Amino acid sequence: MPTTLDQEPTAGVLGGLLEAERGGDLDAIAASGLTGSESFPLHLDAASRADLLKDVYMSVSAEGGRLLYLLARATGARTVVEYGTSLGISAIYLAAAVRDNGGGRVIGTEIQPEKAARANRSFAAAGLAGEIELRVGDARETLRDLPGPVDLLLLDGWPDLGLDVLRVVEPALRPGSLVLVDDVEMNFGADVHGPLLEYLAGDGYVALRLPMADGIQVAVRL
């Protein structure tokens, strides 16, 4: 039986988004006036960065998305939280897994309103709007009220804020839940992932680096 992930309209929407990203991100970054590591302007606050790069997808790859689907399916995830929804590619992969697990909810958060609106349109077109709740605003505030327990948390927003977001969500994480951190090997011009990765290497988690795309850290909540 084909999965939700491989069925139309989900597969068609994902294919279109991934193709648009391949053709548009470099142009969008160039249009912002930033180059190299400056493409991630860490000197600005989170909302200002998001506005500056509102046309940049900053999404998972197709391979990374299928990994999200696989992990969510393997753990039977019903409640998933995502920090940094952007234009919605990773949320669609996760929502497909939640639907195929028998139903549930992906709670995403995106600080840039125009991106959030575009993501919601993609969720509807993919037939997954019923599985996704997108909260607009700073994740350190929008994720304070969560239905528990949370089965999987994806940290894919501004990485220097990742530890703050984890601490907000952590009380809702069940034992055995997964915490995934994307882009841990990407050059941001500073060690922005350091505090988060150090925290995940301490008591309370078991973590492993997966050498795919720009690096994905997988941790299990003990």
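The values are calculated or read from the model by the stated rules, or taken from the named source; none is laboratory data. Quick caveat: nothing in here was measured; it's all calculated off a predicted structure. When we count neighbours, we look across all protein chains shown, and the Cβ atoms used for this are built from the backbone with ideal geometry, even at glycine. The protein model used for the area step is the full one, side chains on, heavy atoms only, and it has no ligands, DNA or RNA in it. Shrake-Rupley method; radii C 1.70, N 1.55, O 1.52, S 1.80 Å.
In the range 71-85, of all residues being in contact (Cβ under 8 Å) with a residue 24 or more places away in the chain and open to solvent by 10 Å² or more (accessible area, probe 1.4 Å), the one that is nearest to Glu21 (Cα to Cα) corresponds to Gly84.
For the range 138-206, the helices (runs of 4 or more DSSP H) that sit wholly inside it and include 2 or more residues that are at pLDDT 95 or above and hydrophobic (A, V, I, L, M, F, W, C) are 162-169, 194-200. For the range 106-129, give me the residue count where each residue is surrounded by fewer than 18 Cβ atoms within 10 Å (Cβ to Cβ), farther than 17 Å from Ser59 by Cα and touching a strand residue (DSSP E or B) at 6+ places or on another chain (Cβ under 9 Å). Of the residues in the range 106-129, 0 are surrounded by fewer than 18 Cβ atoms within 10 Å (Cβ to Cβ), farther than 17 Å from Ser59 by Cα and touching a strand residue (DSSP E or B) at 6+ places or on another chain (Cβ under 9 Å). Just one of the listed residues (Glu133, Glu141, Glu110, Glu114) is of a type in the set (D, E, K, R) and under 12 Å from the mean Cα position of the chain (by Cα), namely Glu110.
Would you check if Gly103 is free of Cβ contacts under 8 Å to residues at least 40 places away in the same chain and part of a strand (DSSP E or B)? Criteria not met by Gly103. Here Gly64 passes the criteria (1) in contact with a Leu (Cβ under 8 Å, 6 or more places away or on another chain); (2) in contact (Cβ under 8 Å) with a residue 60 or more places away in the chain; (3) farther than 23 Å from Arg144 by Cα except the one numbered (1).
For (1) touching a residue at least 12 places away in the same chain (Cβ under 8 Å); (2) crowded, with 16+ Cβ neighbours inside 10 Å; (3) within 15 Å of Leu68 (Cα to Cα), each residue gets a yes or a no:
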{"residue": "Leu178", "(1), (2), (3)": "yes, yes, yes"}
{"residue": "Leu197", "(1), (2), (3)": "yes, yes, no"}
{"residue": "Gly202", "(1), (2), (3)": "no, no, no"}
{"residue": "Ala213", "(1), (2), (3)": "yes, yes, yes"}
{"residue": "Ile216", "(1), (2), (3)": "yes, yes, yes"}
{"residue": "Leu222", "(1), (2), (3)": "yes, no, no"}
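When the range 68-95 is limited to residues that are in contact with a Lys or Arg (Cβ under 9 Å, 6 or more places away or on another chain) and not hydroxyl-bearing (Ser, Thr, Tyr), the one that is nearest to Ala129 (Cα to Cα) turns out to be Ala95. Is it the case that some residue within the range 36-50 is at pLDDT 90 or above, closer than 20 Å to Ala117 by Cβ, hydroxyl-bearing (Ser, Thr, Tyr) and assigned to a helix (DSSP H, G or I)? Yes.
Can you confirm whether Ala91 is without any contact (Cβ under 8 Å) to a residue 60 or more places away in the chain, surrounded by fewer than 19 Cβ atoms within 10 Å (Cβ to Cβ), hydrophobic (A, V, I, L, M, F, W, C) and in a helix (DSSP H, G or I)? Considered against the rule, which asks whether it is without any contact (Cβ under 8 Å) to a residue 60 or more places away in the chain, surrounded by fewer than 19 Cβ atoms within 10 Å (Cβ to Cβ), hydrophobic (A, V, I, L, M, F, W, C) and in a helix (DSSP H, G or I), Ala91 comes out as no.
For the range 137-159, indicate whether the set of residues that are open to solvent by 10 Å² or more (accessible area, probe 1.4 Å), among the hydrophobic types (A, V, I, L, M, F, W, C) and either under 20 Å from Arg66 (Cβ atoms) or touching a Leu at 6+ places or on another chain (Cβ under 9 Å) (or both) is non-empty. The answer is yes; a qualifying residue exists.
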